[in-house]
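What follows is a short report on a single structure.
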């Protein structure tokens, strides 16, 4: 697929989406949002793609919505007529991957400045790593806006008082990658020049596992978070049972007994 504001590349079983408006610090324009949605759909429906990496070009990962392209009436960024679609009645997602409805995991590689809607990849990504040059903050209150879904999500990833501090101090304080790692917001800090290389290393490790088992495990965790523990356990077990009926579920034990790498078919 050809895009103007992002790059979309597939190598092996990994699709890499690169936010590519470096002069605008990868701020989200309506056109960029549409292209991201198309790229997510392309990756989700491509049977050869087992995992998505999202990163940015230049010195920023994403600085949120492009304020230069927000309409004067302040309505949600969207190329469709206002309130003409169901999604516009929901909390705006902007660049967020459709993590609730997609099966494949997303690895976010935060290469630099990450704020506002850029934080959505941090809070919804399945694996999140960051360059040692990355910094995080939420500027909404500093520009007269309520810190909305971004900090609601942060409060479920960070300790409550840390999320509140980030929301209330706005642009006046930034969190370093090391601090984000210490708080569990990201899982690894990587030397800046090795970030994408490391992202692909992790992707290769994940993709060496049975892809349907990976998806079932991911969905069991995400879907179970909003359920009482017993119901979450039952849901997870139903996913396990579904996967036992696949060819890959037979291939895994066979390869183990035969002392060879498994040949996953994703079916």
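Just so you know, all these numbers are worked out from the coordinates, no wet-lab data involved. None of the values given here were measured: they were computed from a predicted structure. Virtual Cβ from ideal backbone geometry, glycine too; neighbours counted across all protein chains shown.
Assorted remarks:
- In the chain, the longest principal axis of the Cα atoms and the axis of helix 195-207 are about 30 degrees apart.
- Rounded to 0.05, the FRET efficiency of the residue 168 and residue 59 pair, given R0 = 30 Å and the Cβ-Cβ distance, is 0.70.
- For the chain, the relative contact order works out to 14 percent when only alpha carbon pairs closer than 8 Å and six or more residues apart are counted.
- Shape box of the range 186-249 [Cα atoms, principal axes, largest first, Å]: 43, 31, 9
- Here the sum of -39500 (n - 2.57) over DSSP H runs of 4 or more residues, divided by the residues of the chain, equals -11000 deg cm²/dmol at 222 nm, to the nearest 500.
- Relative contact order for the range 1-72: 40 percent, from Cα pairs under 8 Å spaced at least 6 residues apart, divided by residue count.
- Sequence ranges 50-59, 166-175, ranked by mean other-Cβ count within 10 angstrom, highest first: 50-59, 166-175
- Protection proxy ranking of 178-185, 149-156, 119-126, by the mean of other Cβ atoms within 10 Å over each peptide's residues and highest first, is 119-126, 149-156, 178-185.
- Relative packing of 16-23, 131-138, which averages over residues the other C-beta atoms within 10 Å, highest first: 131-138, 16-23
- Gain on full extension, evaluated as 0.36 nm per residue between residue 196 and residue 23 minus their Cα-Cα distance, stands at 60.3 nm.
- The C-alpha radius of gyration of the range 1-110, expressed as a fraction of 2.2 N^0.38 Å, stands at 1.07.
- Full-stretch length increase - residue 44, residue 87 - with 0.36 nm per residue and alpha-carbon distance subtracted: 13.6 nm
- Reference-scaled alpha-carbon Rg (2.2 N^0.38 Å with N residues) for the chain: 1.05
- Rg/Rh for the range 151-267, where both radii come from Cα atoms and Rh is the Kirkwood radius: 1.10
- Extension gain, residue 103-residue 161: 0.36 nm per intervening residue step, less the Cα-Cα distance, totals 17.7 nm.
- For the range 93-205, the fraction of alpha-carbon pairs lying more than 23 Å apart is 25 percent, rounded to a whole number.
- Acute angle (nearest 10 degrees) that the helix 30-45 long axis makes with the longest principal axis of the chain, alpha-carbon atoms: 10
- Over the range 1-146, relative contact order from alpha-carbon pairs under 8 Å, at least 6 apart, %: 23
- The range 143-184-the range 238-265 distance, computed between alpha-carbon centres (Å): 41
- Between residue 254 and residue 226, the C-beta separation translates, for a Förster distance of 35 Å, into a calculated FRET efficiency of about 0.45.
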